[in-house]
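Q: Have a look at the structure that comes next, please.
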Amino acid sequence: MSTADPTSPDRRGMDRRSVVKAAAWSVPAVAVAASVPAFAASTPDDPCVPTTFLDGLEPGTSPSSISFFPSTVMASLSYTSDGQGGDNTPGGTGQVLTASGAPTPWNFLELEMVSQLNVGDWVELTITLSQPVVGLSFTLHDIDWVDGAWYDTVIVTPAGYTSTPGANVQGAGTSGDPFRPINEGDNPISSGLGDVTVTYPLSGPISQVVIRYRAGITGNSGNQHIGLGDLSFENCPVEETLQGTALRSAPSSQPRPRHEASSGTPKFVPCDGTADS
């Protein structure tokens, strides 16, 4: 365990919000932000994969919806939480932040937990699409763990997706086996070590996804956060999919090998507060 203060700016690094800034509660995003569409600057190389463009949003803003260019599909964003002082958007949850440590900076949406919390507290993002799509895909960033400060766990519903984890992420994204870090360490968000990409199949449409984030299993989160990157989907009509029309093949990829947790990994505590066996 590190003897340094895990909530100090030096310990948390460039990717951590300052203690002063994170200690203040934010006003719920839906109350202060109108729809802020995110449009790409140019047509994607593959027009069959409409994609959001978070880099086109102003850092510090809190969009209530984002759009997929070049389609007309919109994704509305809503947040809720359990604990966290009763605020639906604890800390900087819902804000656009920039991964400034990357060679080419890029934006993400933040889900943050305040420093002091109860063991079972969580914050949740619900993404609701304006129409069903197939092949929905997105990446979650910065899943990591520092002894005595935070331990990130993430649950994604509904099930049925495949996941491609970074080198320091394990789990299936379920309540019994959440996405979580393997080895202890405050890895930079730009390293990709704490990433996991979630992709839903082309065989059926989806219109809503829920991401539940927990950072503390000891009553402390160190003002930790994770990030949601750009979303995309396959631009093949759902009606044709349901009628059995052949779809464009998804890009082939070999899943990364599943890593086993190190011997020092804390026990995961499910959302009901009971310890795992």
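Every read-out reported here was derived from the displayed coordinates using simple, explicitly stated rules and does not represent laboratory data. None of the values given here were measured: they were computed from a predicted structure. Here the Cβ is made from the backbone with ideal geometry for all residues, glycine too, and neighbour counts use every protein chain on show.
Q: Hey, how much of the P(r) for the stretch 166-238 falls beyond 15 Å, as a percent of Cα pairs?
A: Values: 1720 of 2628 pairs.
The calculated P(r) of the stretch 166-238 puts 65 percent of pairs beyond 15 Å.
Q: Follow-up question, since we're still on this one. Computed FRET efficiency, Cβ-Cβ of MET74 and ALA167, R0 45 Å: what is it to the nearest 0.05? All intermediate terms of the calculation are to be shown ahead of the outcome.
A: Details: r = 34 Å, r/R0 = 0.76.
E(calc), rounded to 0.05, equals 0.85.
Q: Next question, about the same structure. If each residue of separation counts as 0.36 nm, what is the full-extension length gain between THR128 and GLN208 once their alpha-carbon separation is subtracted? List each step's numbers first, then the result.
A: Values: separation 80, 0.36 × 80 = 28.80 nm, distance 0.45 nm.
The span from THR128 to GLN208 would gain 28.4 nm if fully extended.
Q: What value does the stretch 42-179 have for Rg/Rh, both radii from Cα atoms and Rh as Kirkwood defines it?
A: Numbers: Rg = 16.0 Å, Rh = 16.8 Å.
That ratio is 0.95, to two decimals.
Q: Treating only the Cβ of Lys, Arg, Asp and Glu as charged (+1, +1, -1, -1), what charge dipole size does the stretch 63-155 show about its Cα centre? Round to the nearest 20 debye. Walk me through the intermediate numbers first.
A: Values: 0 positive and 10 negative charges, 88 e Å.
Dipole of the stretch 63-155, to the nearest 20 debye: 420 debye.
Q: Also: Please grab the % of Cα pairs in the stretch 133-181 that end up more than 12 Å from each other. Mind dumping the intermediate values first?
A: Working: 758 of 1176 pairs.
Of all Cα-Cα pairs in the stretch 133-181, 64 percent lie more than 12 Å apart.
Q: Report Rg (one decimal) and Dmax (nearest whole number) for the stretch 100-178, counting Cα atoms only, units Å.
A: Over the stretch 100-178's Cα set, Rg and Dmax evaluate to 14.6, 43 Å.
Q: One-quarter of the Cα convex hull surface for the stretch 97-137, in nm²?
A: The orientation-averaged projected area of the Cα hull of the stretch 97-137 comes to 5.4 nm².
Q: Taking each pair of distinct Cα atoms in the stretch 102-242 once, what is the resulting Kirkwood hydrodynamic radius in Å? Don't skip to the answer; put the middle values down first.
A: Working: mean 1/r = 0.0642 Å⁻¹.
Over the stretch 102-242, the inverse of the mean reciprocal pair distance is 15.6 Å.
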